Amino acid sequence: MKKIVLCLMMMLAGLSYVSAQAKADIKFDKTTHDFGTMPVDTGAVACTFTFTNVGDAPLVIHQAWASCGCTVPEYTQEPVLPGKTGTINVTYKGNGLSGHFQKSVTVYTNGKTDTVRLYVKGDMVRTKDK
């Protein structure tokens, strides 16, 4: 009986320790950026997504992965302390393609919200020859 009580007390202590640990969390100012309509010969366009660590521990971005090679994310490499901000810069290279586009960047973190998807979209149009 004593062994059972001791095991239960240790399990309870372990669970309370795990639940009391601080955890980072990420919150973005926006998750979609619309470039609008632009000519196909515009070249590369870029935008910045700003995020805040709303958790209680340092936030680390492990990876930012783009859905295709025409979209390139660059992100804050160092840990972001609680209450501080970081950025993810996303560059889209249309390479002369026309039409609507919507690309995604998947962000992996150590936070409570461990995966966030960001989007860039717009319309590339051909200008008529004069």
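Nothing in this text is a laboratory measurement; each read-out follows from the coordinates by a stated rule. Every value quoted in this text rests on a predicted model; they were computed, and no experiment measured them. Heads up, the Cβs are rebuilt from the backbone with ideal geometry, glycines too, and the neighbour counts pull from every protein chain shown.
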**Message:** Explain nothing, just compute: Karplus ³J(HN,Hα) = 6.51 cos²θ - 1.76 cosθ + 1.60, θ = phi - 60°, for every residue of the stretch 94-100 in order, whole Hz, x for Gly and Pro.
**Reply:** x, 6, x, 7, 10, x, 6
**Message:** Just to check I understand the Karplus step: with θ = phi - 60° and J = 6.51 cos²θ - 1.76 cosθ + 1.60, what whole-Hz values come out for the stretch 41-54, glycine and proline as x?
**Reply:** 8, 5, x, 6, 10, 9, 9, 10, 9, 9, 10, 10, 7, 9
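Among K30/K112; K23/K103; K30/K121; K27/K121; K30/K103, which pairs are too far apart, with a Cα-Cα distance over 23 Å?
As for pairs spanning more than 23 Å Cα to Cα, those are K23/K103.
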**Fill in**
Filtered hits (aspartates and glutamates, Cα-Cα < 17 Å from K84, offset >= 8 within chain) -> D25, D29, D56
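For the stretch 22-125, what proportion of DSSP beta bridges, expressed in % and rounded to the nearest 5, is antiparallel?
Here the antiparallel bridges make up roughly 85 percent for the stretch 22-125.
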**Item:** the stretch 39-111: trypsin sites (Lys or Arg not before Pro) in DSSP coil with no more than 16 other Cβ atoms inside 10 Å
**Value:** K84
**Asked** Over the stretch 60-130, what relative contact order in percent results from Cα pairs under 8 Å that are six or more residues apart?
**Response** 33 percent
